[in-house]
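Just below is one structure, and these are the notes that go with it.
Bear in mind that the values in this text are calculations on the coordinates, not laboratory data. Since we're looking at a predicted model, the values are computed, not measured. Glycine gets a Cβ as well: all are built from the backbone with ideal geometry, and neighbour counts include every protein chain shown.
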Amino acid sequence: MNDILPGSSAAWQHLEATLRDVVHAYGYHEIRLPLLEKTELFKRSIGEVTDIVEKEMYTFEDRNGDSLTLRPEGTAGCVRACMEHGLLHNQVQRLWYNGPMFRHERPQQGRYRQFHQIGVEAFGLQGPDIDAEMIFMTARMWARLGLQGAQLQINSLGTPAARSAYRAALVDYLHGRAAELDADSTRRLESNPLRILDSKNPDMQAVIAAAPRLPDYLDDESREHFDGLCALLDAAGLVYEINPRLVRGLDYYSKTVFEWVTDRLGSQGTICAGGRYDGLVEFLGGKPVPAVGFAVGLERLLGLLAAAGVELPVNEPHVYLVLSGALAEQRGMVFADELRTAIPGLRLQANCGGGSFKSQFKRADRSGAAFALVIGDDEAAQQRVLLKPLRERSEQESLSQQDVPARLQELLALVPAG
């Protein structure tokens, strides 16, 4: 787990605000979910025979003896909240959430044991149009952030019936090559065989390459849904790759799955993954509700933006206020708040703790501010202010206090955003 320090927090705020603006543009509403859920929720939704549940969850007993878990992902909690509060009965819901998730896994570049995701979920819509909307939304996120090089991969897992037929064929094939399976694949063979197709073990790749292909087992309903999705993506001019090995290993997933992948951080990694999970609400005890969603990993996304040289804001102050003398300090602090009122969005840092002019100008320089406003006792008595540029060579100006807001707004329009 890692700290997000002041030098990085502005980039996080920019990323979160940009993604929030995109999901709002599509008419989605925020839902805020607890960090803790009953462990049984994740065992049922994710599956007991998964690395997340078996190896990665932070699980403990509370004072009442109940087993609780820090959420490893957001979908299960979102579904639980919708069921608990009656949001799914004959209703369409478009929801999003943002926050930390927790998995005890090996830390690596862009991945930590506390990590952050923005998740987007839609309930009550079963056509390919909502699947396409999810993908359009993610593509718009990358465009707004200036992120290039992400590749879209899609696949269809089919209806439950088609998926069951494929699962049987896959298990039969894998039994025939049981001697070549690694320990993880052998363990998953009966409980979660589709996850074997996700194996990154080089020794397993020949077995996986020769396995039955899921698209060959799709029924008419599944093909029609997938063809409809592809037609919508084609109409929008989105470039995509159909990856028949792209799967979700749990039984309640169906039809569309998609990922955005990149190799900009070394080995190929996923920055966004999503798909339909039409069976999850029923699996957790509710009435059947079609559903689709995706999640975006924020640490990995920030790493990609940094690697691509995308300039991110740092939220340095626009102005540093230098104050020298008792009268200047008294009147200057009042004047600082008047400026913040007069110029919405102004970032003004006032000197506190005293100090000579020299030491205060050193602080002003370290703050990153573009300009310094200087008030001594003489200026305070005359209601005047000296305005001094800190990042360029130009003359300082002497202004009346009432003229400062207009002059600052004029100058700050020339300062790059950030």
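Classify region 319-412 as rounded, prolate or oblate, taking a ≥ b ≥ c as the square roots of the eigenvalues of its Cα gyration tensor: rounded when a/c is under 1.5, otherwise prolate if a/b is larger than b/c and oblate if not. Rounded shape, in that the Cα axes give a/c under 1.5. Calculated FRET efficiency, E190 to D263, Cβ-Cβ distance, R0 = 30 Å: about 0.30 to the nearest 0.05.
Diffusion of the chain by Stokes-Einstein, at 37 °C in a medium of 0.692 mPa s and with Rh set to the Kirkwood radius over alpha-carbon pairs, works out to 132 µm²/s. For E61 and A235, the FRET efficiency from 1/(1 + (r/R0)^6), where r spans their Cβ atoms and R0 equals 56 Å, is about 0.60.
For F258, the amide hydrogen comes within under 5 Å of the amide hydrogens of G274, G275, counting only partners 5 or more places away or on other chains and with H modelled in the peptide plane.
State, to one decimal in nm, how far the label point of Q151 lies from the label point of Q126, with both points 7 Å from Cα in the Cβ direction. Going by the 7 Å Cα→Cβ label model, 3.5 nm. Taking the C-alpha atoms only, the angle from helix 75-84 to the longest principal axis of the chain is near 90 degrees.
The distance between label points at Q13 and I208 comes to 4.2 nm (points 7 Å beyond Cα on the Cα→Cβ vector). Among the GluC sites (Glu not before Pro) in region 321-418, those located in a DSSP loop and surrounded by at most 14 other Cβ atoms within 10 Å of their own Cβ are E392, E395. Here r is the Cβ-Cβ distance between A342 and N2 and R0 is 45 Å; the resulting FRET efficiency, rounded to 0.05, is 0.70.
Would you work out if region 213-264 is rounded, prolate or oblate? Take a ≥ b ≥ c from the square roots of the eigenvalues of the alpha-carbon gyration tensor; rounded if a/c is under 1.5, else prolate when a/b is larger than b/c, oblate otherwise. Since a/c reaches 1.5 but b/c is at least a/b, the shape of region 213-264 is classed as oblate.
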